[in-house]
Every structure is written in C-alpha cells, then in structure tokens.
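Have a look at the structure below before the remarks.
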Amino acid sequence: KTGLFTYDAGFLSTASCKSKITFIDGDKGELLYRGYPIEELAEHCNFLDVAYLLKHGDLPTSEQKIDFVKIIKRHTMIHEQMAKFYQGFRRDAHPMAVMVGVVGALSAFYHEAEEGFLDPKARNVNFNRIVAKMPTIVALAYRYSRGKPFMYPRNDLGYTANFMHMMFGTPCEEYVPNPVIVHALDTIFTLHADHEQNASTSTVRLAGSSGANPYACISAGIGCLWGPAHGGANEACLKMLAEIGDVSRVPEYIKRAKDKNDSFKLMGFGHRVYKNFDPRAKIMRKICDDVLRELGLENDPLFKLAKELERIALEDDYFVEKKLYPNVDFYSGIVQKAIGIPTEMFTCIFALARTVGWMVQWEEMVMDPEYKIGRPRQVYVGEPRRGVPPTRRPE
Ligand code: SDX
C-alpha cells in the first residue's frame, strides 16, 4: 500500500503509509531517523553516517563506514556523455529544471536502475550511485550556469568538502575548504535527509508504485520539491527578505501575512506538521550564528533583518495562535547565502540531501509485501450531463 486515501470533510487526505524510517511528533517538535533524535545525529554524525543509517537501519561500524566511503568515492564521477547533456540547457535555466532533466536521464546511462528491484545488490548499487553522484550533478548545474569549467571530484576530500570543491574550486589552484563551513553544510544535508511523507516523498512513492525506475521517481520528487510551498521555500525566503529590504518594513509584511485577502505568506514560517518549533530549525539557528560569526557577517543588514523578522513573528499573536514558527527553510537559506551559494541553488542542495530519504522511502515501498500501484480516488463535484451530446462537427 502506498497510502490509504480517505474522504474527510470534503478533502481527500492521505491517511499515510506504514514506515520504519522517520518519525515526527509535530506537537512536541520531535524528529527521529530510524529512532535516533535528529539533535543527536546532527551533533555526533556526519551526512554519510546518516545516509548509511537511513538505508541500512543502523549506524555503520567503523569498517562498514570505511567500505561505504570507499564505494561512494568510486562513484562520484558522471558519464562523460552526461556532462555533455548540460550543454543542451540555456545557461540561465533554473538549476532545478536542469536537475529534473539530468537526474531523470540517469537511467539512460546506468542500466542497473532498470534491473529488478527484488535484487538487493541492484538496489544497493542504485542507492550508492545516486548518493555519490548528486553532489557532482548539483555542482555541475551551478558551474554550467556560470560558464565555469566543470570540476572533477577529489577523492582526498570528504563528501561535503568535495562538493564545495566542485562548486567553488578552480583548476588554477587547490581548493582549501573552511572546516566550519563544511560542518555547517554537512549538517544541513543531515537535517534535510528525510522527513516522513512530505509532498515530494509521497510523489516519489506514488511514481515508484507503478514500477518506474528509482531515478525517474527521484526526478519526479525533484519536480515537486521545487515548489515555493515546499523545498523552494528557502529560495523564496531570501527573495522575500530582499523585497522587505529594511527592518522598518517588517510590520507591513507581517500585516500582509495575516491578511486573509492577501495571498502573501511569510516564507520560512509555518509547517503542515510541526505545531511547535521545527527541531531542525533550532539546530539550523545555531549553525546560522556559527557561520555568520565565522564569516564576520553578524552585522550584515540582510541577516539582521532576518533576525528581526524572526523576533517579531515569534511575539506576534497571529503567529503564536496559529503556531507558526520559523521552519528549517528560514535558516537554511540564510546560511547558504552567507556561504556564497546563489539562491537559485538552494533547492538543489535540498534535493541533494533529500535524495537519500527518497531512495530509502522508495525501497521501503517496493519491498512492502502489500506493495501495489497507488490509485488516489476523488470526489466528483462536476455536473453530470445526461442525454445525447450535440452533433459532432466534421474535422
Ligand atoms: C518544507 O512536509 C514537510 O515535511 C516539508 C518539509 C520537508 O522537510 O519535507 O518540512 C520542508 O516544505 C517546510 C515548509 C516550507 N514552506 C514554507 O516555508 C512556505 C511558507 N509556509 C506556508 O506556505 C505554510 O506554512 C505551509 C505550506 C508550509 C503549511 O501550510 P498549511 O498546511 O496551510 O499550514 P497550517 O494548516 O498549519 O496553517 C494554519 C494557518 C492557515 O490559516 P487559516 O486557514 O487557519 O486561516 O496559518 C496560515 C494558514 O493560511 N499560515 C500562514 C503561514 N503558514 C500557514 N500564514 C502566514 N504565513 C505563513 N507562512
């Protein structure tokens, strides 16, 4: 089953599927990956530890970690034909459009994706391959958009440091990653790795329930994540801060956010499930402070504006009453901006991390003995027409 649909108060709602991967208690603001609190994982593990945990159900032993890292390092390059694929896009194409295309085409380059899902070896190959290649695919989208030379992966660097090398390095000199920034970005990956049955994960599950190959399903998830109400919120949040421009204009935007007749929403605030602080946002807030301090940006006007917006919103009756707290996207956009990642790349970074969760959720679904194609139903609200249709005109 990919989800039981029930008819409730005029809306179809997913009663949700069975899963052992991630647990959220929205009222308590609790998030667990395979039973471990996100706070512990963010504190004591790196992203590849978490990727292994989500995939295999346990944190890796030191030997398992060594093997896993070795496999990942062996798959970081992409097919040279695939690198040429980018040339078909306009330079100013939104990188998420490129990601939908390039990831969707992965199965055209790596045939295991088409092989039967029942073979755990093929599933492991598919998982390791896309986890290894996503940083390269994302970095190439950025490099291509800026007319910069593609940077090959470096196996002497860790997963996230290598991503930063491919994003910001140049062939002219060795890239030396800042450990504070690497840690911040690696933690952002961990915080975004999975989140139960959110819109994009449900998209991946529904696409996968037809038997489509995992890379095609991930591409569908990327398309869904792109939306500003979902993964695109961090990009939309930075655009909103730029539009507000000055602390003096914050009350005007808070007023707009409360106006039922105004479609404006405060980007980076609110959540369908969390009616308490998003635990990821609390961790992101500290990362945000660490990065701004490391880069000497504590007094940057944009970041001071963000802090003022957060303060006012947290005190405002409307936001308090509706339990609208800053969510993970509010802070992740600020951190990425401070690191020098362009806003249009923010959701690609989210997709890089969430690919782990999407792949694991897809696998859990296809391995469910009750697995069959999802088939949402509807409530028909159109007018039934009776009688003979009007005579059809000849073409
Ligand atoms: C992500 O599902 C996931 O897990 C997603 C995610 C993940 O990891 O996959 O956590 C990632 O998508 C985080 C959310 C990022 N989106 C944004 O920051 C966009 C801004 N947020 C809103 O669009 C909104 O909060 C949603 C879409 C996230 C949730 O909207 P809901 O489901 O309507 O939230 P709700 O039912 O709790 O809203 C209660 C009320 C509503 O008003 P009423 O109908 O009661 O009058 O609060 C209002 C909403 O209209 N409201 C807001 C608001 N968010 C909700 N009002 C102003 N500003 C906001 N940001």
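Just so it is clear, none of the values below were taken in a lab; they were calculated from the coordinates. Given the structure is predicted, the values throughout are model-derived calculations rather than measurements. Virtual Cβ from ideal backbone geometry, glycine too; neighbours counted across all protein chains shown.
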Let me check I've understood the local charge: for Ala184, count other residues with C-beta under 9 angstrom from its C-beta, Lys and Arg +1, Asp and Glu -1. What total comes out? -3
Estimated 222 nm signal from helices in the chain, with DSSP H stretches of n ≥ 4 weighted -39500 (n - 2.57), rounded to 500: -16500 deg cm²/dmol
About its Cα centre, how strong a charge dipole does segment 57-169 have in debye, to the nearest 20, once Lys and Arg get +1 and Asp and Glu get -1 at the Cβ? 540
Excluding same-chain residues fewer than 8 positions from Lys307, which lysines have a Cα within less than 28 Å of its Cα? Lys28, Lys239, Lys255, Lys258, Lys260, Lys265, Lys275, Lys282, Lys286, Lys322, Lys323, Lys337
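Where nothing but the Cβ of Lys and Arg (+1) and of Asp and Glu (-1) is charged, how large is the charge dipole of the chain around its Cα centre, in debye to the nearest 20?
Values: 50 positive and 49 negative charges, 271 e Å.
Around 1300 debye, computed over the chain.
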Could the peptides 227-233, 158-164 be put in order, highest first, of the mean number of other beta-carbon atoms found within 10 Å of their residues? 158-164, 227-233
I need Met151, Met367 ordered by Cβ neighbour count within 10 Å, fewest first. Met367, Met151
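Tell me the relative contact order for segment 17-127 as a rounded percent, counting alpha carbon contacts under 8 Å between residues six or more apart.
11
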Value of relative contact order over the chain, rounded to a whole percent, pairs C-alpha under 8 Å and six or more apart: 24
